[in-house]
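Undergrad: The structure under discussion is supplied below as structure tokens; questions concerning it will follow.
Any read-out appearing in this document is the output of simple, stated calculations on the displayed coordinates, not a laboratory observation. Everything numeric in this text was worked out from a predicted model, so none of it was measured. As a convention, Cβ positions derive from the backbone with ideal geometry for all residues, glycine included, and neighbour counts pool all protein chains shown.
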Amino acid sequence: MEYNDLIFKIPVESQTYAEDSAFIISQITAILDERKRVGDNKIILNTNLKLGLPLENINKIAGPMIEAWAGEVFSGIRDDMNNRYRLINVEAQERLGMSDIVLQFKKDGRVLTGNVDVKATANDIPNSGKGPNITSFSRIRTAYVTDPDFMFIILSIKHKVYSERNKNTNLVDGIMEIVDYNAYDLKFISDADINYNPALGTGQIQIKDIHYVTYQYRTTWEMCQLLDQKYLHSTRRTFDDFYREAKKNKWIKN
């Protein structure tokens with residue numbers, strides 16, 4: 001048996017999917033633009049240190065800090081029932097969840113859901129943002145079959161870290177300042193920008209460089225086929241491995 005012999009369940013997304021995806025991404029970007037404009041783009045770490053912070057190590061905690069900041073930003077917007085972004089629900093996900101934050105927006109009488117994965121990158125580290133693991137191969141492949149309109153948004157947030165003496169305490173505070181951000185729909189990231197890393201379970205989908213991404217519009221079924229080929233082209237994966245995952249996760253009918 002070969003790949004082409006399999007009878008796949010073919011997901012078909014809504015006709016408005018691309019438009020809905022663009023809407024959610026534009027709303028996310030607009031929210032962050034406003035936070036930056038009003039100066040609410042810093043995380044301040046109050047310390048009892050007098051001589052400064054080990055800046056070379058602070059980036060190790062940047063990920064969860066920036067994820068928490070993003071969650072608070074979106075939650076603050078949601079709490080305004082009449083917010084102009086039409087954001088109606090924000091749900092922080094568990095640590096090993098599919099995404100970090102689930103956002104829901106109202107548009108034309110419908111509720112649109114974006115599953116947001118927050119990726120923090122450092123402005124002063126040359127290779128930061130290159131080859132990050134995004135999500136599990138089997139998990140995202142299954143999500144697209146289960147819900148053809150499943151929207152997985154990668155929110156890349158670039159930050160810089162520096163120290164600043166607190167005038168009130170005369171101690172040194174650490175500042176994480178958000179300096180740039182971009183949001184992408186995983187389904188529309190180009191073939192050339194997506195890699196497959198066979199490590200960790202069924203493998204991880206990676207983005208070559210999260211700061212420089214090219215869009216390539218495709219259907220949900222085309223995305224599933226792309227994921228399959230990335231998996232099968234790995235020297236550490238076989239067709240039997242794929243068939244086992246396909247049967248287990250009900251991607252096929254035979």
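Undergrad: For Lys50, which lysines qualify as cross-link partners when the Cα separation must be under 16 Å and same-chain residues fewer than eight apart are set aside?
TA: Candidates past the 8-residue exclusion: Lys167.
Undergrad: Also, quick follow-up: According to a simple spin-label model (label point 7 Å from Cα along Cα-to-Cβ), what is the distance in nm between Gln93 and Gln229?
TA: Calculated label separation equals 2.6 nm.
Undergrad: Within straight cross-link reach of Lys106, meaning Cα distance under 15 Å, which aspartates and glutamates are found once same-chain residues fewer than 8 apart are removed?
TA: Glu19, Asp20, Asp79, Asp80
Undergrad: OK, next. Which is the longest run of the chain containing none of the GluC sites (Glu not before Pro) found in DSSP loop states (not H, G, I, E, B) with at most 12 other C-beta atoms within 10 Å?
TA: In short, 95-254.
Undergrad: Quick one: compute the contact order of the chain, relative version, from alpha carbon pairs under 8 angstrom and 6+ residues apart, as a percent.
TA: Numbers: 416 pairs, mean separation 60.2, N = 254.
Reported as a whole number, the value is 24 percent.
Undergrad: Then there's this: I need the per residue convex hull volume for the chain, using only the alpha carbons, in cubic angstrom as a whole number.
TA: 140 Å³
Undergrad: Where in the chain is the longest stretch that carries no chymotrypsin sites (Phe, Trp or Tyr not before Pro) classed as loop by DSSP and with at most 13 other Cβ atoms within 10 Å?
TA: 1-211
Undergrad: Using the beta-carbon distance between Glu222 and Lys36 and R0 = 51 Å, what value does 1/(1 + (r/R0)^6) give for FRET efficiency, to the nearest 0.05?
TA: Once rounded, the FRET efficiency stands at 0.90.
Undergrad: Go through segment 44-54 residue by residue and turn each phi into a ³J(HN,Hα) via Karplus (6.51, -1.76, 1.60, θ = phi - 60°); whole Hz please, and just put x for glycine and proline.
TA: 9, 9, 6, 10, 10, 8, 9, 9, x, 10, x
Undergrad: Given the options Gly63, Gly97, Gly203, state which has the largest fluctuation in a GNM of the chain using a 10 Å cut-off (strictly under) for Cα springs.
TA: Result: Gly97 has the largest fluctuation of those listed.
Undergrad: How large is the charge dipole for segment 15-248, taken about the Cα centre, if only the Cβ atoms of Lys, Arg (+1) and Asp, Glu (-1) carry charge, to the nearest 20 debye?
TA: Rounded to the nearest 20 debye, it is 320 debye.
Undergrad: How much mean residue ellipticity at 222 nm does the chain get from its helices, if each DSSP H run of length 4 or more adds -39500 (n - 2.57) and you divide by all residues, to the nearest 500 deg cm²/dmol?
TA: One gets -9500 deg cm²/dmol as the mean residue ellipticity at 222 nm.
Undergrad: Still on this structure, please answer the following. Which of the lysines could a cross-linker span from Lys187 if the Cα-Cα distance has to be under 18 Å and same-chain partners fewer than 8 positions apart are dropped?
TA: In chain and number order, the partners are Lys9, Lys119, Lys208, Lys230.
Undergrad: Skipping prolines and chain starts, which residues have an amide H placed within reach, meaning under 5 Å, of the one on Ala120, given they are 5 or more residues away or on another chain?
TA: Those lying under 5 Å, H to H, from Ala120 are Ile157.
Undergrad: Roughly how many whole Å is it from the C-alpha centroid of segment 1-80 to that of segment 221-254?
TA: 29 Å
Undergrad: Tally the DSSP beta bridges in segment 98-184 and give the antiparallel ones as a percent, rounded to 5.
TA: Values: 19 of 27 bridges.
Close to 70 percent.
Undergrad: Quick test of the membrane-span-like rule: which DSSP H helices of the chain reach at least 15 Å along their long axis (C-alpha atoms) with mean Kyte hydropathy at least 0.0? Walk me through the intermediate numbers first.
TA: On the way: long enough: 17-37 (30 Å, -0.19); 62-78 (24 Å, 0.43); 220-232 (18 Å, -0.38).
Sorted by number, the helices that extend far enough and score high enough are 62-78.
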